[in-house]
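Note sheet for the following structure.
Nothing in this text is a laboratory measurement; each read-out follows from the coordinates by a stated rule. Everything numeric in this text was worked out from a predicted model, so none of it was measured. As a convention, Cβ positions derive from the backbone with ideal geometry for all residues, glycine included, and neighbour counts pool all protein chains shown.
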Amino acid sequence: MKNIFKQFNFWLLAIIITLSCCTDNFEKFNTDNSGYPEDLQEYDFNKWGIPLTIVQKGIYFNYNWGGGTNWTFQIMQNLNADMFSGYFHDCAQRLFSINSVYNLDEGWTSSYWINTYGYIMPVIYESEIRTEEDGFPAFLGITKILKVATMHRIADQYGPLVYSKFGSKTGSDPESLEEAYVNFFDDLEKGISLIKKWANENPNSESFYKFDILTKTKSYDEWLRFANSLRLRLAIRISNVDKQMADVQIKKCFEPEHSFLEIGNHLIAVATQGSGYTNPLGEINQGWNEAYMNASMESFLTGYNDPRISKYFIPAEGKGNYNYLFPIEGTFKGIRQGINVGHQNYDNHSKCTILKSTPAILMTPAEVWFLRAEAALRGFTAESVQQCYENGVKASFSQWDINSEEVQSYLNNEALPADFLDTFDPSFNVPATTDITPKWEENVSKERKLERIITQKWIACYPEGVEAWTEQRRTGYPKLFKVFINNSQGTIDTDIMIRRLPFPATLAEDNNDQYSKLINLLDGPNTGGSRLWWDTGHNNF
């Protein structure tokens, strides 16, 4: 892990001292001007566009703030959401006794909060001020969209947060998750309106194109589609807890003037070619050999004989002088979370296929179709639930270049998830968690239909673990394998599983007023076991 423990302690201390846990220095921020002298910063929109490249690199975080890249992403996401979502597990034995068994590492769980507030949100804050004061509505609109895309990930992992009052001279007060969602929708609406007005008045403008590393289109069309698709994502997120707000926002999504990301045309991903950005998961995988298949992934993908498995992972090597219980070479083998062993070696299991040059996926047409399927299932729209579901599978297969013949066969597939057999220790074996199949069933309950939709959505969202973990917590699907050992000291229930990341403990010392307000708004202890506002524990149809 490239000495990330020592590096993180040093940089964490530096960030805390510099930022006083994200409150004292909101007006000061680390600006990367990419080599532009001051007199050129206003030339060709550089003053307004360059900061937004920082934000685009900071959503799926790989922004170089001086402490290096990749290892920050590992502790921010890969050892947290990517593992808790059921996608990945690190093969390094020294890590098995920490987050894997719910013995949460404070440095890791607080890093997403600290780095986002320390380096990305201040740029957003300044960009909102600059673009509005200087009269650049399209750049302001994109800032609003990026703000929501960045900060809903913080909200959905931690809960209450500082959002609408970020940078306020009165103290940067936090807000509840419910209030934050209202503000997310408001910012998306503003962003869409600003961009539409500018595009209508300036139909041939390409002013943001050279700074765009998420869509790389010369028009603003894909940004509008992204914003509307993001609005649908967030509306479905709150559908269990606030059906009225969800209904209002979903109706907006389907207004004739709005569009969604579409199959074969639109993929929101941080570009690696020519952008100066490298996919951090690719470095963890390629360079460090620490991004392996999670046992839950193995169960669903091998059980379904899913053709995406070879797009997502490589077969196990199965070599080395290890005490294998059965041959694994050429098969797809994962690692179960929470086994806490220090004597076995899983480094010949299935690694992921993501490279440093692979664009970092943030949102796909497949996800949008599954959102539409759920919207129809819940009665928000009159679309066909089955058709939207099947379009979601087709969009995912198209994204990974799998032919149409295979997708039709898959949609008729009645195979079941597979039991998990550990390579070294049979005590870690666990039966499949469900009998859900890829093939659609019409005459079943809404709950059964939702499980099928979300299970396929989870497979399709790969490798973006934050969204996958969030939706798994919201719906309970897919049904993941539970940790074998739980060392949370009673703060996380094994059956209920981890529900959130704790706020940084240092906040209690450095800004106790803010910390107390956050805890009060959370309405529960600052542990991984507290449910968030939209996490009701059951599905309300």
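Under conditions of 25 °C and 0.890 mPa s, the stretch 409-484 yields 179 µm² s⁻¹ as its translational diffusion coefficient, taking Rh as the Kirkwood radius over Cα pairs in the Stokes-Einstein equation. Summing Lys and Arg as +1 and Asp and Glu as -1 over all other residues whose Cβ lies under 15 Å from the Cβ of GLU206 gives a net charge of -2.
Across the stretch 364-456, Cα-Cα pairs more than 22 Å apart make up 36 percent of the total.
The GluC sites (Glu not before Pro) of the stretch 56-162 include none that meets both conditions, a loop assignment by DSSP and at most 12 other Cβ atoms within 10 Å of the site Cβ. For LEU362, the residues whose modelled amide H falls within less than 5 Å of its own, excluding neighbours fewer than 5 places apart on the same chain, are ILE268, ALA269, VAL270.
Secondary-structure-derived ellipticity at 222 nm for the chain, considering helices only, amounts to -13000 deg cm²/dmol, per-run term -39500 (n - 2.57) for DSSP H runs with n ≥ 4. With r as the distance between the Cβ atoms of SER168 and ALA505 and R0 = 30 Å, compute the FRET efficiency 1/(1 + (r/R0)^6) and round to 0.05. My answer for the efficiency is 0.80. Only Cα sites of the stretch 55-170 enter the Debye sum here, all with the same form factor; the resulting log10 I(q)/I(0) across q = 0.10, 0.20, 0.23 1/Å is -0.35, -1.11, -1.34, listed in q order. Taking 7 Å steps out from each Cα toward its Cβ at GLU262 and ILE314 produces label points 3.7 nm apart.
Give a residue-ordered list of calculated ³J(HN,Hα) values for the stretch 173-188 (Karplus: 6.51 cos²θ - 1.76 cosθ + 1.60, θ = phi - 60°; whole Hz; x for Gly, Pro). Rounded to whole hertz, the list is 5, x, 9, 5, 5, 4, 5, 4, 5, 4, 6, 4, 4, 5, 5, 5. Rounded to 0.05, the FRET efficiency of the GLU133 and GLN489 pair, given R0 = 51 Å and the Cβ-Cβ distance, is 0.50.
Panel note: the C-alpha atoms of the stretch 336-401, placed on their principal axes, show extents of 55, 30, 17 Å (largest first). Peptides 520-526, 176-182, 82-88 ordered by packing proxy, namely the average of other Cβ atoms within 10 Å per residue, highest first: 82-88, 176-182, 520-526.
Legend: residue pairs LYS47/LYS147; LYS197/LYS218; LYS252/LYS457, Cα-Cα distance threshold 21 Å; pairs beyond threshold, LYS252/LYS457. Across the stretch 493-541, Cα-Cα pairs more than 16 Å apart make up 45 percent of the total. Computed from the C-beta positions of LYS251 and THR536, the FRET efficiency with R₀ = 25 Å rounds to 0.65. Gyration tensor over the Cα atoms of the chain: the corresponding equivalent ellipsoid has semi-axes (square roots of 5 times the eigenvalues, largest first) of 34, 28, 23 Å. Counted residue by residue at 0.36 nm each, then reduced by the alpha carbon distance between them, the extension gain from ARG94 to SER384 reaches 99.5 nm.
Each peptide in 501-514, 215-228, 251-264 receives the mean, over its residues, of other Cβ atoms within 10 Å, and ordering these scores from highest gives 215-228, 501-514, 251-264. Each label point was placed 7 Å from the Cα along the Cα-to-Cβ direction; for ASP523 and THR217 their separation is 3.9 nm. Each Lys and Arg adds +1 at its Cβ and each Asp and Glu adds -1 at its Cβ; summed about the Cα centre, the stretch 340-440 shows a dipole of about 340 debye.
The mean of 1/r over all distinct Cα pairs in the stretch 305-432, once inverted, gives the Kirkwood hydrodynamic radius of 17.4 Å. Could you tell me how far the Cα centroid of the stretch 294-325 sits from the Cα centroid of the stretch 168-227, in Å? Going from one Cα centre to the other spans 40 Å. Kirkwood analysis of the Cα pair distances in the stretch 407-533 returns a hydrodynamic radius of 17.5 Å.
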